[in-house]
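Read the structure below first, then the notes.
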Amino acid sequence: MTEKNTLKHPDFERALQIGRPPNVVKLFPNSKALIVSGKFIDRAMIAKGRAVAIAANGRNYFVIKGALQAAQRANAAIMIEIARSEGGANAYCAVNYWNIARIVDNLCNELNITVPVAIHADHYGIKSQADIAPARVEIPTIFDAGLTSIAIDASHMPDDQNLLANIALNPFVPSWAGLETEVGEIKGKEGLSTVEEALFLIQGLNAHNIFPDWIALNNGTTHGIEANDQGIQVELTANIHAALARYGISGAQHGTSGNSSERLRAITAQTRTTKANVATALQMISWGLEVNDYGNAFMDANGEFVKVRNQGVTEDTWAEMKAYAASKKYKAGDYKKLNLPFENKLLGQPTEIRERMARRVEDFVYNMIVSVFNSRDTAPLAIQAICEAGGCDPGPKAARMENPQEWTPEKIAQRAGNIQSDKGPKGKFDD
């Protein structure tokens, strides 16, 4: 591990003064953490060209700490996120939508983190029309708690309802906030997204003066532990991004933990992706499990995870975690549910254990930033974008090009009925 970069950009203080959104300023008036809109992270990747920001799912404290240290070391803009399944009202993690900003802000000040950081509410899932009314209440509370970016994920619904849900909820997302939308559930090789579906969603949003920063696709990945090497379909992704280019939208890549570094480098080099979620791999790494190049934890002949001795949690703690999982009859993909019951126990480990948990995440994320996603030295680009914007909002990347009269609810339903696509099997595909 090399010495960390602790130098501040010459314009850091200026960016700190003008770049933090109003919710962050209100919550943390005396903070020196440069927590910014997700828009600026996207802009920094675009400015560098063929660069992708790590969006680290902070399932535990150690993942957040390690990811922030890696970003500082690489002088890279970064996103810290938590999905609704991970940190919503029915969470399986102690880190949640309402405390993650406080954790990030505290760590940034404690560790002298001077790179720009966005805090993202990932996969804010809308599964049916019944979810929209409560979302109108809950989404503002997420921003009250200091988040600076959100993914409205109504991809579980038919195309017209997906679009209409995004339109209905947009008034509750601050105009300065980073915005992600999604077409096609993330469910592996089945139900792959199409150019037609993606255009329908983005054109319909454009007609309503909604300009997302990112679009997530089902481009061949799955959440959690990947069972095969089908992985990201790079050509499909590139084709969809090319079709959307005039709308200024970037790609958000989900399911990275199931893909090789080679494939992730291809996504970086050949598509318009600027954000990549990394979740399961970081959780396993923090615990001390052996992880391969696909981001999957190794399994032994008995189907059990392989713990690296003297890495991550103590051997006694890992034995306790495994015993708890066995008592709950957890399968490999259910080990994520250990985060909530064990967070306090992990925080109560000796200093050297806590440090090595975070350090292992740091080394992994640093390598991803530098060797895979080409996002090293993007922090100055984000700071430059803040100074050029003169505030916390750089504005949209596109203007309205679609006629709103052609995108009324009635015409949206009619257009959706003409889309030819295969949505794949039904089931539970949450992160």
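Data for the structure
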{"quantity": "Of ARG265, ARG376, ARG59, the one that fluctuates the most in a GNM where the chain has Cα springs shorter than 10 Å", "calculated": "ARG265"}
{"quantity": "Size of electric dipole in the chain: Cβ of Lys, Arg +1 and of Asp, Glu -1, about Cα centre, debye, nearest 20", "calculated": "540"}
{"quantity": "Charge dipole (the stretch 36-146, unit charges on Cβ, about Cα centre) - positive-most of VAL52, ASN112, ALA133", "calculated": "VAL52"}
{"quantity": "Signed unit charges on C-beta, dipole axis of the chain, positive-most listed residue GLN349, ALA281, ILE210", "calculated": "GLN349"}
{"quantity": "GluC sites (Glu not before Pro) lying in DSSP loop within the stretch 1-107, provided at most 13 other Cβ fall within 10 Å", "calculated": "GLU3"}
{"quantity": "Relative contact order of the chain, pairs being alpha-carbon contacts under 8 Å that are 6 or more residues apart, as %", "calculated": "24"}
{"quantity": "Long pairs among LYS275/LYS337; LYS39/LYS337; LYS307/LYS345; LYS8/LYS397, criterion Cα-Cα beyond 22 Å", "calculated": "LYS275/LYS337; LYS39/LYS337; LYS8/LYS397"}
{"quantity": "11 Å beta-carbon shell around CYS392, net charge (K/R +1, D/E -1)", "calculated": "+1"}
{"quantity": "Residue-averaged [θ]222 nm for the chain, counting only DSSP H segments that reach four residues, each worth -39500 (n - 2.57)", "calculated": "-12500 deg cm²/dmol"}
{"quantity": "Considering only the chain, percent of DSSP beta bridges that pair antiparallel, nearest 5", "calculated": "10"}
{"quantity": "Extreme residue, positive dipole direction of the chain, given options GLY303, SER155, ASN403 (C-beta unit charges)", "calculated": "GLY303"}
{"quantity": "Part-to-part distance (alpha-carbon centres) for the stretch 235-261 and the stretch 313-392, which is given in Å", "calculated": "25"}
{"quantity": "Formal net charge of residues neighbouring ARG356 (Cβ-Cβ distance under 11 Å; K, R +1; D, E -1)", "calculated": "-1"}
{"quantity": "Cβ-defined net charge surrounding ARG50, 12 Å radius [Lys, Arg +1; Asp, Glu -1]", "calculated": "+3"}
{"quantity": "Choice from ILE82, ILE18, ILE119 showing the highest fluctuation, given a GNM over the chain with Cα pairs closer than 10 Å", "calculated": "ILE18"}
{"quantity": "Considering only the stretch 27-180, percent of DSSP beta bridges that pair antiparallel, nearest 5", "calculated": "0"}
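Quick note: the coordinates plus some simple rules give every number you see, no bench work behind them. Remember, predicted model here, so these are calculated numbers, not experimental data. No Cβ is skipped: glycine too gets one built from the backbone with ideal geometry, and neighbour counts run over all protein chains shown.
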